[in-house]
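This report concerns only the one structure given below.
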Amino acid sequence: MAEYTKEVEEFVAKISQKNAHEKEFIQAVSEVAETIVPYVEQHKKYKEANILERMCEPERVIIFRVPWQDKDGNIQVNRGFRVQMNSAIGPYKGGLRFHPSVNLSILKFLAFEQVFKNSLTTLPLGGGKGGSDFDPKGKTDLEVMRFCQSFMTELSKHIGGFTDIPAGDIGVGAREIGYMFGQYKKIRNEFAGVLTGKGLQYGGSLIRTEATGYGVVYFSQEVLASKDDSLEGKVCAVSGSGNVAQYTIEKLIELGAKPVTVSDSAGCIYDKDGIDSEKLEYIKVLKNEQRGRISEYADKFKSAKFHADTTPWNFKVDLAYPCATQNELDVADTKTMIGNGCKGVFEGANMPTTLEAYHIIKKEKLMFSPGKASNAGGVATSGLEMSQNAQRLYWTREEVDYRLKMIMKSIHSNCMEYGQVDKNYTDYVKGANIAGFVKVADAMIAQGVV
Ligand code: NDP
């Protein structure tokens, strides 16, 4: 906190006091406050309307019981959530996360970030997030279906095409979205675009599955291009092995980079020869169909080694793409990475870098893009799925990919507008925060004190 101004300190202290047990939410607010509080101090209309404090309070939080029956006939109960954070510029939009760590703090941090991210996409989308402490890992398809049906039975009362449109996140992929969509349709008797990330047979969009990972790489391509550099030949560390990691790796390979790591919560794979398309296909089948563990990669490919309980940040790489979860890149890892010559960190996950680690990255002037800017391609393509559903037509793969690329380019230039410090350095965190904030804040002021 040492480098904060008095105003930032006071603001963070107030939010911390009000949300004392919500450490991830306080972390996300602190990161935004660092750049937005000074900006608000310079712009009277935002200060008078107390916009930032209003943005820190969800418009609504729904918490509900989710009972279901497991394969042995036992009755289980989980907790369901939907945080409807801000609807100033459009209906609430944001993913659902199923993971045992899910709690109100994590969902509020994700919903808060989502408000800025959705604003940056240039699409009319408000921000929300939801999920449950249910763990799909190790469950049968039938158990996952029963859980999803019970979860949607309650959630269906609070969402809708013009109200709130959830999508996937950690633990919620095509299978879970399918089960939830089926239950929504049955209960409401309407075939509506109420979820995104749907299967292609029933309203999904081409490229939605790939969009977050592809978008992260498109964003990093823009950052490098602004420095007359490219991805060609760059050695990259990627964490995670789920949706975002898989398609980050796919695009990196396509653009001539060499991804060398992949991970899950048990540890990390380092493949000295690099992960090529054939190895990536193996990862997709292993994780998406067999629901196996990433350690199995090392049994299959001799060039690779599995390092238990290790993150991918200990190897010599040019660029890092954290794509697993929040706070997975800490101070020690960051120092090691910088010591090994890493020149840039592009966040695929939401808030994967701790606040302290980010301060080191900023001090060293590494290239750094916050998730709210670089992983916005996923929600942007969800927005494109909504547009296609509303028009009752489908765009081609090329058309969606082109629009995704254009959106990532425009997010990049919006970040530069507010974040460029000099010819050689852009503060993308500042740029993303201010660009995201201004649009939402102006809409809130126009709509009065509601
Ligand atoms: P998935 O569930 O597909 O994959 C998550 C991956 O992260 C898995 O490999 C998982 O390993 C790993 N992981 C989860 N928790 C931990 C942990 N505590 N430590 C180490 N590894 C962990 O999720 P996504 O790929 O969809 O999401 C990844 C990140 O990207 C999240 O932060 C999410 O919020 C963000 N994001 C996702 C978007 C999307 O469109 N899907 C859009 C924007 C952001 P394991 O199998 O062991 O749990």
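The values are calculated or read from the model by the stated rules, or taken from the named source; none is laboratory data. Keep in mind that this is a model prediction, so the values were computed, not measured. Please note: Cβ atoms are built from the backbone with ideal geometry, for glycine as well, and neighbour counts cover all protein chains shown. The protein model used for the area step is the full one, side chains on, heavy atoms only, and it has no ligands, DNA or RNA in it. Shrake-Rupley method; radii C 1.70, N 1.55, O 1.52, S 1.80 Å.
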### Message
Being more than 23 Å from the chain's Cα centre (by Cα) and not aliphatic (A, V, I, L, M) narrows it down to one residue among Glu143, Glu113; which is it?
### Response
Glu143
### Query
Any chance segment 270-286 includes a residue that's touching a residue at least 60 places away in the same chain (Cβ under 8 Å), surrounded by fewer than 20 Cβ atoms within 10 Å (Cβ to Cβ) and within 23 Å of Pro352 (Cα to Cα)?
no
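Each row is one residue, and each column tells you yes or no for (1) out of contact with any strand residue (DSSP E or B) (no Cβ under 9 Å at 6 or more places or on another chain); (2) within 25 Å of Leu384 (Cα to Cα); (3) open to solvent by 50 Å² or more (accessible area, probe 1.4 Å).
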site	(1), (2), (3)
Gly203	yes, yes, no
Glu232	yes, no, yes
Val238	no, no, no
Gln246	no, yes, no
### Query
Residue check: is Phe301 hydrophobic (A, V, I, L, M, F, W, C) and either closer than 24 Å to Gly171 by Cβ or open to solvent by less than 10 Å² (accessible area, probe 1.4 Å) (or both)?
no
### Task
Out of Lys186, Lys198, report the one residue that is free of Cβ contacts under 8 Å to residues at least 60 places away in the same chain and open to solvent by 10 Å² or more (accessible area, probe 1.4 Å).
Lys186
### Query
Does Arg82 fit the bill of being at pLDDT 95 or above, buried (at least 24 other Cβ atoms within 10 Å of the Cβ) and not in a loop (DSSP other than H, G, I, E, B)?
yes
### Task
Within segment 332-350, track down each residue that is open to solvent by less than 50 Å² (accessible area, probe 1.4 Å), in a helix (DSSP H, G or I) and more than 14 Å from the ligand (Cβ to nearest atom).
Thr334, Met337, Ile338
### Query
How many residues are touching a residue at least 60 places away in the same chain (Cβ under 8 Å), touching a Gly at 6+ places or on another chain (Cβ under 9 Å) and either more than 16 Å from the ligand (Cβ to nearest atom) or aromatic (Phe, Trp, Tyr) (or both) when one looks only at segment 133-148?
1
### Summary
Just one listed residue, out of Thr153, Thr122, is touching a residue at least 40 places away in the same chain (Cβ under 8 Å), open to solvent by 20 Å² or more (accessible area, probe 1.4 Å), away from the ligand (no atom under 14 Å from the Cβ) and not small (Gly, Ala, Ser), and it is Thr122
